[in-house]
Amino acid sequence: MAAVARSPQDSTTVAAEPSSGMAPVAVLALGVFAVGTGEFVLAGLLPMLVDAFRISVADAGQIVTVFALTCAVSGPVLTALTTAWTRRTVLLTATLIYLLGSAGSAMAGTYGQLMAAQVIAAAGVGLYIPNASATAASLVPPRLQGRAIALVVTGFTAAVAFGAPVGTALGGMIDWRATLWFASLLAAVGLAGVALAVPRDVAVPDAGGFRDRLRPLGDRRVLALLATTLVAFTAVFIPYTYISAIYAPATGGSSVALASLMLVGGVAGAVGNLSAGYFTDRWGGSRVVAAALVLLTAGMLLVPFSTTSMGAAVPVIAFYAAASFAITTPQQHRIISLRPAATPVLLSLNQSVLYLAIAASGVVGAGGIQSVGPRYVSLIAAAAALVALAFSAAARRMALAPERTAAPAADATP
């Protein structure tokens, strides 16, 4: 991800003790797990929010949209505003913001109050995630940076695979407030970990102002890949956001049954992600993304036939979740290969677009449920996956052809 810097003295220390930086990296991963759990558990809480605030499923789903939009905006904005701060200060501030928002959500008396508190929590998430990855890379020598970033990303995968299902089950056994207090407790542990384990002098280079961060958007190849990310992950998150409504006939309204389906999806997704990394090294990012989108389309077409029984739901969810998670790594690989020197900026843009996709999934999914019902809303996701496949193919063609709009840089076929 980010090119990183520490003082010469610090660099010498890290080089002499190459494993010394992995303990604080693990703490950063714990923080990602904490904020990621609070984000992804929202999908599992929708039925409880519907009952608690007497709103529709579509209205409840908008909390996911607002959370994601806030992350998309707050990430680049707050990161730009805090470039002069040490990364430890940024991470502490981000975790504290999230903790306040999460605790405020648990105490909300109305849906409006819950939404406002979630905006605060999302601002913390948007600031924490990119800075955790950049900080992780700065804590270790270059040869260990890939492993450090992978460890941080593992926190996100664990949030989907384990944190969100556990939080959903906890909400079903007690109530939705208990889940948000659980997320707040995780954040408090992460806050203490950052305070104790992350060195005070960790710094990363300034990526420039807003104009510098947006300059890659002048490259049509970048735009095509970002369009692929936007539409592909809109397709991915439509069934995830509304999984409780789609599979209500199979779960019978049981939060524990819903949590088990989310667990299946998380574990399958982790397998899909690891497999995608292996095949990306062998076949290249564009081929793996294309294959994943084809499989995702097939999975979305199977969903309507799997909504009435757990026996049918489990294999279908495992299938499309594996395809969904198989998109992330090769897509990032394609983006990085366009301009290696601009990796931090490109990944920041891709992360913002990913959050926009999550936000779009809430809106598109709500409209789909109202028009075709929850059972068939996955067909809209299937159509979106095909559109993403077209964008991906266009991006590949642009990469193979001379690009007059691309700035001179080390170009590679993504």
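Quick check: anything in the stretch 56-76 free of Cβ contacts under 8 Å to residues at least 60 places away in the same chain, outside any helix (DSSP H, G or I) and surrounded by fewer than 24 Cβ atoms within 10 Å (Cβ to Cβ)?
yes
Output yes when any residue across the stretch 256-272 is part of a helix (DSSP H, G or I), closer than 18 Å to L389 by Cβ and over 19 Å from the mean Cα position of the chain (by Cα), and no when none is.
Residues of the stretch 256-272 that are part of a helix (DSSP H, G or I), as a first pass: 256-272.
Those left that are additionally closer than 18 Å to L389 by Cβ: 272.
After this cut, where a residue has to be over 19 Å from the mean Cα position of the chain (by Cα) as well, the list is none.
Checked against the condition, which is being part of a helix (DSSP H, G or I), closer than 18 Å to L389 by Cβ and over 19 Å from the mean Cα position of the chain (by Cα), the stretch 256-272 yields no hits at all.
Looking only at the stretch 314-335, count every residue that is in a helix (DSSP H, G or I) and within 14 Å of V271 (Cβ to Cβ) and tell me the total. If you could, list the steps in order and put the result at the bottom.
Of the stretch 314-335, the ones in a helix (DSSP H, G or I) are 314-325, 328-335.
Checking which are within 14 Å of V271 (Cβ to Cβ) leaves us with 315, 317-325, 328-329.
Going through the stretch 314-335 one residue at a time, the tally reaches 12.
Of everything in the stretch 235-255, what is part of a helix (DSSP H, G or I) and over 12 Å from G61 (Cα atoms)? Give them in sequence order. Show your work before the answer.
Of the stretch 235-255, the ones part of a helix (DSSP H, G or I) are 235-241, 243-246, 248-251, 255.
Those that are part of a helix (DSSP H, G or I) and over 12 Å from G61 (Cα atoms): A235, V236, I246, A248, P249, A250, T251, S255.
Any residue that is aliphatic (A, V, I, L, M), modelled with pLDDT of 90 or more and buried (at least 20 other Cβ atoms within 10 Å of the Cβ) - is there at least one of those in the stretch 144-155? Before you say what the answer is, go through the steps one by one.
Taking the stretch 144-155 as the starting set, the residues that turn out to be aliphatic (A, V, I, L, M) are 144, 148-153.
Filter again for modelled with pLDDT of 90 or more, leaving none.
Taking every residue of the stretch 144-155 in turn, none turns out to be aliphatic (A, V, I, L, M), modelled with pLDDT of 90 or more and buried (at least 20 other Cβ atoms within 10 Å of the Cβ).
For the stretch 275-300, give me each residue that is surrounded by fewer than 19 Cβ atoms within 10 Å (Cβ to Cβ), farther than 19 Å from S337 by Cβ and either touching a His at 6+ places or on another chain (Cβ under 6 Å) or not aliphatic (A, V, I, L, M) (or both).
Residue satisfying the conditions is S275 alone.
Does T93 count as within 19 Å of A187 (Cβ to Cβ), in contact with a Ser or Thr (Cβ under 9 Å, 6 or more places away or on another chain) and at pLDDT 85 or above? Break it down stepwise before answering.
Details: within 19 Å of A187 (Cβ to Cβ): yes; in contact with a Ser or Thr (Cβ under 9 Å, 6 or more places away or on another chain): yes; at pLDDT 85 or above: yes.
Criteria met by T93.
Is the stretch 93-103 home to any residue that is assigned to a helix (DSSP H, G or I) and under 13 Å from V41 (Cβ atoms)?
Of the stretch 93-103, the ones assigned to a helix (DSSP H, G or I) are 93-103.
Right, trim to under 13 Å from V41 (Cβ atoms) and you get 102.
Yes; the residues of the stretch 93-103 include at least one that is assigned to a helix (DSSP H, G or I) and under 13 Å from V41 (Cβ atoms).
Within the group A122, A108, which residue is assigned by TED's automatic domain parsing to the domain that holds D175 and outside any loop (DSSP other than H, G, I, E, B)? Don't jump to the end; show me each part of the working.
Working: A108 fails: outside any loop (DSSP other than H, G, I, E, B).
Just a single option satisfies the conditions, and that option is A122.
The values are calculated or read from the model by the stated rules, or taken from the named source; none is laboratory data. Quick caveat, the model's predicted, so the values are computed rather than measured. Neighbour counts are summed over all protein chains in view; Cβ atoms, including those assigned to glycine, are modelled from backbone coordinates with ideal geometry.
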